[in-house]
Every structure is written in C-alpha cells, then in structure tokens.
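Novice: One structure is given below, represented as structure tokens, and several questions about it will come after.
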Amino acid sequence: MVTFLSGGTGTPKLLSGAESVFPAAETTVVGNTGDDVVLGGHLICPDIDTVLFLDGGVLDRETWWGIADDSAATHDELHRIADTAGLPTGPQYLSDDAQTGGRAIGHWRRFSGVAEFMHIGDRDRAVHVTRTGLLDEGHSLTEVTRLLADAFGVDRDIVPMSDDPVATLIHTPDGIQHFQEWWVAHGGEPTVEDVEFRGSERAAMTPAVESALGDPVVIGPSNPVTSIGPMRAVPGFEAALRETPVVAVSPFVGGEVFSGPAATLMASVGREPATAGVAAVYPFADAFVLDDDDPTELDRPVVRTDTRIDDTEDATRVTRAVDDALAVIT
Ligand code: FO1
C-alpha cells in the first residue's frame with residue numbers, strides 16, 4: 001500500500017496516470033480539508049471531491065474541480081433571485097457567532113448561500129447535500145467520504161486529513177479572508193501577509209489517517225502551503241511522516257511554478273518560493289522527484305524527469321520517477 005497526500009490539482013494530476021504503477025485499490029489518498037467551506041449550509045470539500053470525481057471518471061478535466069458537463073440550474077436561479085431582489089452577490093462570510101455556533105465542522109468557514117460566490121453545478125451539489133445530510137445523521141466525514149466513494153464506484157480509499165474542522169484563512173492588509181474567498185472571489189488578491197490553519201491545534205488525526213501514514217507516503221506536486229500545510233498543522237501528522245518513507249514531487253522547477261498560487265503563498269510564510277524552499281518545508285521527505293531542468297542540489301536522494309504534467313502520459317512518467325525514488329529509500 002502507498003499513501004498519497006493530495007490537495008489542489010497537483011497530486012490529482014499525478015494520480016490521473018498512476019494506475020499502472022500504483023493501482024487505485026492499493027493506495028490511500030489523504031485529502032486536504034483546509035479549503036472546505038460551508039456554503040448555504042452545505043459542506044463542500046473541494047480537494048476530496050477532485051479525487052472522488054477523478055476516480056469516478058466524472059471530473060471536469062478543464063478546471064480540475066466539479067463534474068464534467070454539469071448543469072447549473074440551481075446556481076443560476078440563486079443568482080437570478082439575488083439580482084432581482086437587489087441582494088449583494090459577493091462572498092458573505094457569516095458573523096463570528098454564526099462561525100462558531102452550529103455543527104463544529106463548519107467552524108470559521110461558513111458563507112451565506114445567497115448568490116453563492118462559488119460555481120456549484122447541479123450534480124456536484126447533490127454530493128454536498130448528501131454529504132451534509134449524512135453528517136446530520138451522525139456519520140463522521142471519514143465515513144461520509146467512503147459512502148460517497150462507493151456511490152461513484154471508486155476503488156481507492158479516500159480519507160479526509162481529519163474529521164475536525166481546520167479552516168485555511170488568508171491574512172491580508174484588508175483583513176482575514178477564507179481561502180476560497182481569497183482565491184475564487186478575489187483571484188488570489190490582495191497581498192498575503194500570513195496563512196493560518198484555524199482549528200488545527202485542536203484537530204485530531206483519524207485512525208484511518210494514522211494507519212495510512214504507516215505506509216510509504218507520496219506528496220505529489222501540490223501546493224506546500226495551502227494543500228499540504230493544513231495536514232502538517234494537525235498534531236502528530238509531521239511526526240508520523242518522519243517515521244515512514246516519504247517521496248515528494250516538487251511543484252517548482254528551480255524558482256518557477258507550473259501553475260497556481262504556490263510561489264506567492266510560499267513567500268508569504270517566509271519560505272523561498274522554489275524547490276529549495278519546498279525541501280526546507282518538508283524536512284521529513286527522504287527523497288525528491290525534481291524536473292530535469294531544475295538546478296537545485298539537495299542533501300537527499302533525487303530522481304529527475306520532466307515533471308510537467310499535461311496529460312496521462314506525463315503523469316505516468318512522473319509516477320515512475322516516484323516509484324524509482326521510493327525504491328531508493330525503502
Ligand atoms: N474554483 C474557482 O476558481 N471558481 C469556482 O467557482 C469554484 C467552485 C468550486 C466548487 C466546488 C469545488 O469542489 C471546487 C470549486 N473551485 C472553484 C475550486 C476550488 O476553489 C479550489 O481550486 C480548490 O479549493 C483548490 O484546491
């Protein structure tokens with residue numbers, strides 16, 4: 001068994017071509033939940049759902065979130081109602097009282113559903129309604145995720161990093177914004193002063209995560225700050241990584257990132273926005289997969305390949321490099 005740590009698009013892209021090397025049934029994915037939001041009362045788990053939809057064969061591969069060819073009748077109607085009634089259409093982060101009242105899993109990530117600021121497709125919404133209903137019925141997020149995986153015919157064990165709430169909050173000169181507000185509504189603006197994983201110190205690893213971290217671990221080219229950072233912030237998570245073989249794929253080529261806000265976020269938390277910075281953030285990584293053109297020299301074993309992942313063939317090539325790196329350290 002091998003465990004992948006996943007968030008954003010980096011690790012899902014790697015997984016999209018991993019089957020021939022690491023069959024889904026022999027892998028676990030630990031998904032980041034720091035990005036999760038409660039929107040209009042429904043819990044949305046973007047990083048879990050990207051893997052769920054990828055493995056279920058329904059992922060929108062243009063965006064790497066949501067379901068391909070989904071309709072959006074409910075989303076459109078929510079906007080029509082808000083526009084007609086003259087209601088505000090931006091993110092409406094609820095009051096501090098509302099953030100900390102109600103179901104704990106929603107703490108510090110609750111937004112009004114009025115003119116929802118994230119695009120939610122109709123089939124996608126059915127997942128969020130089912131997830132929230134099952135939570136209401138008393139299931140843990142881990143149990144709910146497994147039930148949803150069954151519904152999508154997924155062979156892989158996909159588990160959230162914790163059943164407890166951890167909210168990724170972006171500190172900016174204009175105040176604190178939840179990650180989804182900063183990213184979706186403001187396009188990664190304004191400047192980031194710090195990144196906080198609110199609730200992490202009280203969050204616990206689940207038995208499923210503890211067991212998964214007993215296997216060799218692969219950290220795909222996900223964003224080290226907002227995709228992997230929330231996991232590292234859960235007590236005991238890094239200690240578990242220190243005890244098991246870990247291979248990390250750098251999302252950078254030297255100081256260049258393929259896509260997304262990783263460079264900005266690394267700089268904001270005082271880390272070099274480059275492969276060297278990733279290596280510093282991952283002291284528990286025993287080996288790295290780096291791009292052929294990456295000039296970085298590391299003090300740990302390195303396997304090199306072309307790490308750009310644009311299609312399945314690329315993903316398989318990078319997965320083979322991961323397998324080679326695991327062979328060096330296991
Ligand atoms: N990203 C966007 O840029 N715009 C959206 O409207 C949006 C909606 C959305 C709905 C469900 C979902 O699971 C993901 C969604 N994302 C959207 C992606 C998401 O904001 C981030 O890319 C991830 O959280 C990063 O991992």
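Novice: So what's the convex hull volume per residue for the Cα atoms of the range 238-298, in Å³? Display every interim value, and only then the final one.
Specialist: Numbers: hull volume 4.9 nm³, N = 61.
For the range 238-298, the hull spanned by Cα atoms encloses 80 Å³ per residue.
Novice: Also: Using only the alpha carbons, work out the radius of gyration and Dmax of the range 189-329 in angstrom.
Specialist: Over the range 189-329's Cα set, Rg and Dmax evaluate to 15.0, 43 Å.
Novice: Carbon-plus-sulfur fraction of the accessible area of the range 168-217, 1.4 Å probe, in percent? Write down the numbers at each step before the final one.
Specialist: Values: 1070 of 2260 Å².
Exposed carbon and sulfur together represent 47 percent of the surface.
Novice: Let me ask another. Using DSSP to call loops (not H, G, I, E or B), can you name the GluC sites (Glu not before Pro) in the range 1-65 whose Cβ has at most 14 other Cβ atoms within 10 angstrom?
Specialist: Hits after loop and neighbour filter: Glu62.
Novice: Here is a follow-up. Quick one: 3J(HN,Hα) in Hz for the range 305-315, Karplus 6.51/-1.76/1.60 with θ = phi - 60°, rounded, Gly and Pro as x.
Specialist: 3J(HN,Hα) across the range 305-315, in whole Hz: 7, 7, 8, 5, 10, 10, 8, 4, 4, 4, 4.
Novice: Here's something else I'd like to know. Carbon and sulfur together cover what percent of the accessible area of the range 221-316 at a 1.4 Å probe radius?
Specialist: Of the solvent-accessible surface of the range 221-316, carbon and sulfur hold 45 percent.
Novice: Also, quick follow-up: With every protein chain left in place, what is the accessible area per residue of the chain in square angstrom, probe 1.4 Å? Kindly include the intermediate steps, with their values, before the conclusion.
Specialist: Numbers: 13080 Å² over 330 residues.
I get 40 Å² per residue for this part.
Novice: Can you run the Rg to Rh ratio on the range 85-143? Use alpha carbon positions and the Kirkwood inverse-distance Rh.
Specialist: Working: Rg = 13.2 Å, Rh = 13.1 Å.
Across the range 85-143, the Cα-based Rg/Rh ratio is 1.01.
Novice: Which whole number in µm²/s is D for the range 1-116 by Stokes-Einstein, with the Kirkwood Rh taken over Cα pairs at 4 °C and 1.567 mPa s? The partial results should precede the final answer.
Specialist: Numbers: Rh = 16.2 Å.
The estimated diffusion coefficient comes to 80 µm²/s.
Novice: At a 1.4 Å probe radius, carbon and sulfur cover how many percent of the accessible area of the range 119-162?
Specialist: On the way: 880 of 1800 Å².
Carbon-and-sulfur percentage of accessible area, whole number: 49.
Novice: What angle do you read, to the nearest 10 degrees and between 0 and 90, between the alpha-carbon axis of helix 46-55 and the longest principal axis of the chain?
Specialist: Helix 46-55 sits at roughly 70 degrees to that axis.
Novice: Run the simple label-point estimate for Glu272 and Ala327 please: 7 Å along Cα→C-beta, distance reported in nm.
Specialist: Label-label distance for Glu272 and Ala327, simple model: 3.0 nm.
Novice: Can you give the alpha-carbon Rg of the range 131-250 over 2.2 N^0.38 Å, where N counts its residues? Kindly include the intermediate steps, with their values, before the conclusion.
Specialist: On the way: Rg = 16.0 Å, N = 120, 2.2 N^0.38 = 13.6 Å.
Working it through for the range 131-250, the quotient is 1.18.
Novice: Something else about it: I need the phi-derived Karplus couplings for the range 263-273: 6.51 cos²θ - 1.76 cosθ + 1.60, θ = phi - 60°, integer Hz, Gly and Pro marked x.
Specialist: Using θ = phi - 60°, the values come out as 5, 4, 6, 4, 4, 5, 9, x, 10, 5, x Hz.
Novice: Restricting things to alpha carbons, find the Rg to Rh ratio for the range 153-213 using the Kirkwood radius for Rh.
Specialist: Working: Rg = 15.2 Å, Rh = 13.5 Å.
Rounded to two decimals, Rg/Rh equals 1.12.
Novice: Rounded to the nearest Å, what's the spacing between the alpha carbon centres of the range 259-330 and the range 155-214? Just the number, please.
Specialist: 22
Novice: With equal scatterers on the alpha carbons only and no solvent term, can you work out the Debye log10 of I(q)/I(0) for the chain at 0.07, 0.12, 0.15 1/Å?
Specialist: One equal scatterer on each Cα of the chain leads to -0.26, -0.80, -1.28.
Novice: Over the range 219-271, one equal point on each Cα, no solvent: what is log10 I(q)/I(0) by the Debye formula at q = 0.18, 0.20, 0.22 Å⁻¹?
Specialist: -0.64, -0.77, -0.89
Novice: Sort out for me the Cα centre separation of the range 53-90 from the range 25-52, rounded to whole Å.
Specialist: Here the two parts' Cα centres lie 17 Å apart.
Novice: Still on this model: Among the GluC sites (Glu not before Pro) within the range 141-236, which fall in a DSSP loop and have no more than 15 other Cβ atoms within 10 Å of their own Cβ? Walk me through the intermediate numbers first.
Specialist: Working: sites: Glu143, Glu181, Glu193, Glu196, Glu201, Glu210; in loops: Glu193.
In loop regions of the range 141-236 (DSSP not H, G, I, E or B), the sparsely surrounded GluC sites (Glu not before Pro) are Glu193.
The values are calculated or read from the model by the stated rules, or taken from the named source; none is laboratory data. All values reported here derive from a predicted model rather than from experimental measurement. Glycine also receives a Cβ, built like all others from the backbone with ideal geometry; neighbour counts cover every protein chain displayed. Calculation scope for accessible area: heavy atoms of the full protein, side chains included, ligands and nucleic acids excluded. Shrake-Rupley method; radii C 1.70, N 1.55, O 1.52, S 1.80 Å.
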